[in-house]
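Take a look at the structure below.
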Amino acid sequence: MTAVLSPTSAPTPSARAAAGLAEPLPPRAGSFARYVRETSLLVGRSLRTITRVPERLSDVTIQPIIFTLLFTYVFGSAIHIPGMRYQDYLLPGLIGQSLGFGIIGAGVATANDFSTGVVDRFRSLPIHPMSVISAQVVGQIIEQVLGMVIVISLGLALGWRPDIGLAGAFELAGLVLLGLFAFTWFGVLLGMLIRSPDAMQGIGFAIVFPLSFLAGTFVPISGMQAIPRAIGEWDPLAAFVAGIRQVCTGVGSHGSWPLEHPIPAMVAWCVAIIAVCAPLAVRRFRSLSNR
């Protein structure tokens with residue numbers, strides 16, 4: 001005995017089962033909607049791993065606290081900045097340094113996912129390839145924002161008093177987010193090129209640590225010797241530090257064009273880094289996926 005399906009109405013699930021028909025698949029979301037949904041799911045997966053491996057956040061929690069306390073009380077007792085308290089000079093520099101160290105965090109996390117086979121499992125699933133990279137970038141930015149909140153909160157507790165209003169606060173937040181976005185793409189690209197967490201950490205420190213010291217983070221660039229001063233004046237991190245310091249204190253820097261116009265220079269550096277690193281990261285991921 002077979003069920004008769006009415007041609008004028010959609011068959012119910014029980015009628016389809018009685019007729020031996022397979023249940024129709026739900027309509028598939030559009031490409032962009034799928035991309036956004038899959039990216040958000042992968043970001044959630046990345047954040048959930050923090051509860052199982054909390055030491056992952058040591059670079060954005062413990063490290064900023066140590067740097068802030070160490071440099072405030074060690075350098076602050078020995079360095080005098082004319083017309084400015086050292087806390088007001090140092091804390092914008094530490095925010096810029098934290099932006100730079102975001103390269104290492106993003107690179108190590110990306111290299112770890114490749115070395116442990118996580119990305120290989122993602123590639124075997126029917127998901128949008130770009131969602132894997134986008135989730136890595138967004139997840140790392142969220143973690144780095146936590147580090148920024150810790151640095152700013154600790155700085156305020158230690159006596160930092162930024163001279164900014166509501167508009168300045170929005171400008172500072174925009175610059176920080178733009179810097180995080182740019183440096184995270186750079187870190188993700190390095191992580192895919194190196195693909196070893198230990199090597200990525202060593203290479204990242206070798207790149208970022210000297211640049212952060214030459215960027216006027218702790219002492220003015222103008223007081224350096226000729227060679228380090230020349231490097232510092234064109235250091236990308238120097239524009240970031242000078243831009244954040246100008247927003248927070250209203251005090252400008254002197255020297256090269258990026259130091260005298262730090263905010264346009266910072267935006268230009270960020271746009272250039274994103275324009276170079278984002279396409280190269282996507283190309284690198286595709287080449288690894290085709291192997």
Inset, instruction - Grab the helices (runs of 4 or more DSSP H) fully contained in the range 83-158, keeping just those with 1 or more residues being polar (S, T, N, Q). - result: 86-115, 129-157
Inset, instruction - Hey, could you check the range 35-91 for residues that are touching a Ser or Thr at 6+ places or on another chain (Cβ under 7 Å) and among the polar types (S, T, N, Q) and say which is surrounded by the fewest Cβ atoms within 10 Å (Cβ to Cβ)? - result: 87
Inset, instruction - Examine the range 207-229 for a residue that is in contact with a Gly (Cβ under 9 Å, 6 or more places away or on another chain), buried (at least 24 other Cβ atoms within 10 Å of the Cβ) and farther than 18 Å from residue 103 by Cβ, and state whether such a residue exists. - result: yes
Inset, instruction - Please specify each residue of the range 203-233 satisfying the condition of being small (Gly, Ala, Ser) and within 26 Å of residue 188 (Cβ to Cβ). - result: 204, 206, 212, 215
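Residue-by-condition table, conditions (1) surrounded by 19 or more Cβ atoms within 10 Å (Cβ to Cβ); (2) among the basic types (Lys, Arg); (3) more than 23 Å from residue 49 (Cβ to Cβ):
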position	(1), (2), (3)
109	yes, no, no
113	yes, no, no
136	yes, no, no
148	yes, no, no
162	yes, no, yes
185	yes, no, no
196	no, no, no
Inset, instruction - Evaluate the following for residue 26: is it assigned to a loop (DSSP other than H, G, I, E, B), modelled with pLDDT under 80 and touching a Leu at 6+ places or on another chain (Cβ under 6 Å)? - result: no
Legend entry - Options 273, 263, 227, 231; residue that is at pLDDT 90 or above and within 23 Å of residue 161 (Cβ to Cβ): 263
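The values are calculated or read from the model by the stated rules, or taken from the named source; none is laboratory data. For clarity, every value in this text was computed on a predicted model and none was experimentally measured. Note that each Cβ is placed from the backbone with ideal geometry, even for glycine, and that neighbours are counted across all protein chains shown.
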